[in-house]
Amino acid sequence: MTQFSTWDIVSNLLLAARWTVLLSIVAFVGGGIVGLLVLYCRIARKPWLQRAAALYIELFQGTPLLMQLFLIFFGLPLLGIDVSPWAAAFVSLTLWSSAFLAEIWRGCVESIPKGQWEASTSLAMTFVEQLRYVILPQAMRIAVPPTVGFSVQVVKGTALTSIIGFVELSKASTIITNATFEPFTVYGFAALIYFALCWPLSKSSQLLERKLNVAHHHH
Amino acid sequence: MSLITITEVRKSFGTNEVLKGINLDVAQGEVIAIIGKSGSGKSTLLRCINGLETINDGSITVAGAQLLPDEIHLRALRLKVGMIFQGFNLFPHLTAGRNVMLSPMVVKKVSQKEAEAEARARLEQVGLAHKFDAYPDQLSGGQQQRVAIARALAMKPLALLCDEITSALDPELVNEVLAVVKSLAEQGMTLLMVTHEMRFAREVSDRVVFMHLGRVHEIGPPEEVFANPRTPELKQFLGQG
């Protein structure tokens with residue numbers, strides 16, 4: 001029987017963690033872009049668009065991420081579209097985070113005083129101009145801490161993609177455990193790596209919140 | 001030919017009718033003070049003229065631009081009338097200068113250089129040329145309101161609507177704002193102002209409109225309205241009842 005050193009375990013986990021990081025980044029960026037679109041629909045002056053966006057958000061917030069993964073991974077092939085685990089992971093995490101980000105950002109937009117909308121309206125700006133130059137610059141400042149905080153959820157969410165066979169940190173842990181029969185050591189190190197990824201994010205979210213609260217509106 | 005024509009305007013919020021058939025013509029260069037108890041519909045009337053509220057019936061026209069509930073007509077209307085609010089509503093993330101420059105650049109596509117020159121001139125006009133780079137939270141309430149006036153003026157409106165613009169100010173800051181409004185009146189700007197400053201209304205306005213229960217209850221030159229109120233409601237409002 002082959003012996004595995006601790007370094008063997010850790011180095012292989014770290015190699016797999018690259019995929020966790022990459023998937024997190026891609027899903028977070030993708031979710032941000034789609035989330036902006038959903039946000040626009042959610043606050044647009046068209047009732048049917050608002051309802052469609054609200055439904056979208058409720059669907060993704062009201063079902064487990066795992067079901068969304070399964071539906072995309074197993075459902076799309078039924079329609080004749082072949083999806084790799086990587087594509088399914090990327091698409092489902094992107095859609096899932098877009099729903100949460102849109103809802104977080106909607107709260108930020110709605111916290112901007114009504115007078116800002118009225119003043120920019122009276123200056124003849126269109127809805128898009130108001131968003132672009134008046135509302136979003138102010139809302140973004142408020143949105144930074146909860147958005148960074150949510151990125152932690154994305155990182156942890158990537159663990160679920162191991163179930164459809166995407167080899168990231170969690171899947172690698174299972175594979176390594178099957179070879180080494182040392183589940184506690186392997187999953188312990190995997191947890192530490194997750195923590196090392198997430199902790200700086202949640203810490204910086206707290207720091208940013210304090211900083212943006214204390215600082216004035218400018219600089 | 002009047003600049004602003006308000007004909008039989010009705011406006012309801014749900015079942016509550018706040019404007020019950022308003023008629024008012026305002027000539028170019030005229031200064032109108034609108035007085036009345038809170039809830040009499042004076043702020044709503046002002047907000048309708050700028051298209052911040054839609055109307056249920058009647059019509060409002062400003063220099064040919066009619067209040068209609070679509071973006072193109074609303075924009076055309078808003079380009080002709082500026083509005084100043086009780087709460088200043090400056091954009092807190094922009095400097096005073098940028099507040100004034102924003103709309104000309106975004107809406108009228110004026111170049112940055114031109115917009116900056118215009119902003120400096122307008123801030124100069126309200127006595128705040130030296131505050132060009134200050135952020136709103138570094139300014140007093142009176143200064144913020146003067147920046148708001150400069151911001152509205154930079155769009156070169158034909159008329160200005162002032163909605164209780166000194167009501168949120170500490171007493172010692174009221175006069176600097178009123179002085180700016182007075183100088184605008186003297187330069188021939190058409191003004192409609194909802195105000196609680198009776199002395200100022202008397203001094204500056206050409207006509208005073210007394211609103212009561214959603215109607216124009218009395219209207220006339222200030223000497224007449226203030227010295228010889230005809231209705232018991234106005235007498236009571238002026239404390240002479």
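Observations on the structure shown:
- Applying the condition of being more than 20 Å from A:A54 (Cα to Cα) and charged (D, E, K, R) to segment A:70-121 and asking which residue is nearest to the other protein chains (Cβ to nearest Cβ) yields A:E118.
- As a summary of the residue check, A:E209 satisfies the conditions (1) open to solvent by less than 60 Å² (accessible area, probe 1.4 Å); (2) part of a helix (DSSP H, G or I); (3) modelled with pLDDT under 90 except for the one numbered (1).
- Restricting attention to segment B:41-87, the residues that are in contact (Cβ under 8 Å) with a residue 60 or more places away in the chain and either in contact with a Gly (Cβ under 7 Å, 6 or more places away or on another chain) or of a type in the set (D, E) (or both) add up to 4.
- A:L208 vs. criteria more than 30 Å from A:S11 (Cβ to Cβ) and more than 12 Å from chain B (Cβ to nearest Cβ): yes
- Failed criterion for B:E116 (all others in (1) within 22 Å of B:V180 (Cα to Cα); (2) under 17 Å from the mean Cα position of the chain (by Cα); (3) not in a strand (DSSP E or B) hold): (2)
- Any hit, segment B:196-205, residues being farther than 25 Å from B:S40 by Cβ and either free of Cβ contacts under 8 Å to residues at least 12 places away in the same chain or in contact with a strand residue (DSSP E or B) (Cβ under 6 Å, 6 or more places away or on another chain) (or both): no
- Residue match in segment B:169-181 (condition: under 20 Å from A:A119 (Cβ atoms), at pLDDT 95 or above, touching a strand residue (DSSP E or B) at 6+ places or on another chain (Cβ under 8 Å) and more than 14 Å from chain A (Cβ to nearest Cβ)): yes
- Here segment B:1-37 is the region considered, the condition is being among the charged types (D, E, K, R) and open to solvent by less than 40 Å² (accessible area, probe 1.4 Å), and the residue that is farthest from B:G220 (Cα to Cα) is B:K11.
- Considering the conditions (1) farther than 19 Å from A:T20 by Cα; (2) free of Cβ contacts under 8 Å to residues at least 24 places away in the same chain; (3) of a type outside the set (D, E), A:F60 is excluded by exactly one of them, (2).
- Residues that are among the aromatic types (F, W, Y) and surrounded by fewer than 19 Cβ atoms within 10 Å (Cβ to Cβ) within segment A:7-21 comprise just one, A:W7.
- Counting only helices (runs of 4 or more DSSP H) that sit completely within segment A:60-179, those holding 1 or more residues that are in contact with a helix residue (DSSP H, G or I) (Cβ under 6 Å, 6 or more places away or on another chain), open to solvent by less than 50 Å² (accessible area, probe 1.4 Å) and within 21 Å of B:F91 (Cβ to Cβ) correspond to A:85-110, A:114-122, A:127-130, A:136-157.
- Across segment B:84-106, the qualifying residues are those that are open to solvent by 40 Å² or more (accessible area, probe 1.4 Å) and more than 8 Å from chain A (Cβ to nearest Cβ), and the one among them that is nearest to B:V9 (Cα to Cα) is B:Q86.
- Set side by side, the residues A:R45, A:R51 differ, and just one is at pLDDT below 95 and either surrounded by fewer than 16 Cβ atoms within 10 Å (Cβ to Cβ) or in contact with a helix residue (DSSP H, G or I) (Cβ under 7 Å, 6 or more places away or on another chain) (or both), which is A:R45.
- If you go through segment B:44-96 and keep only what is part of a strand (DSSP E or B) and out of contact with any Pro (no Cβ under 7 Å at 6 or more places or on another chain), you end up with B:D57, B:G58, B:S59, B:I60, B:T61, B:V62, B:A65, B:Q66, B:M83, B:I84.
- All positions within segment B:58-83 that are aliphatic (A, V, I, L, M) and more than 9 Å from every other protein chain (Cβ to nearest Cβ): B:I60, B:V62, B:A63, B:A65, B:L67, B:L68, B:I72
The values are calculated or read from the model by the stated rules, or taken from the named source; none is laboratory data. A quick note: this is a predicted structure, and the numbers were derived from the prediction, not measured. For neighbour counting, all protein chains shown are included, and Cβ atoms are generated from backbone atoms with ideal geometry for every residue, glycine included. All accessible areas refer to the heavy atoms of the entire protein, side chains included, with ligands and DNA or RNA removed. Shrake-Rupley method; radii C 1.70, N 1.55, O 1.52, S 1.80 Å.
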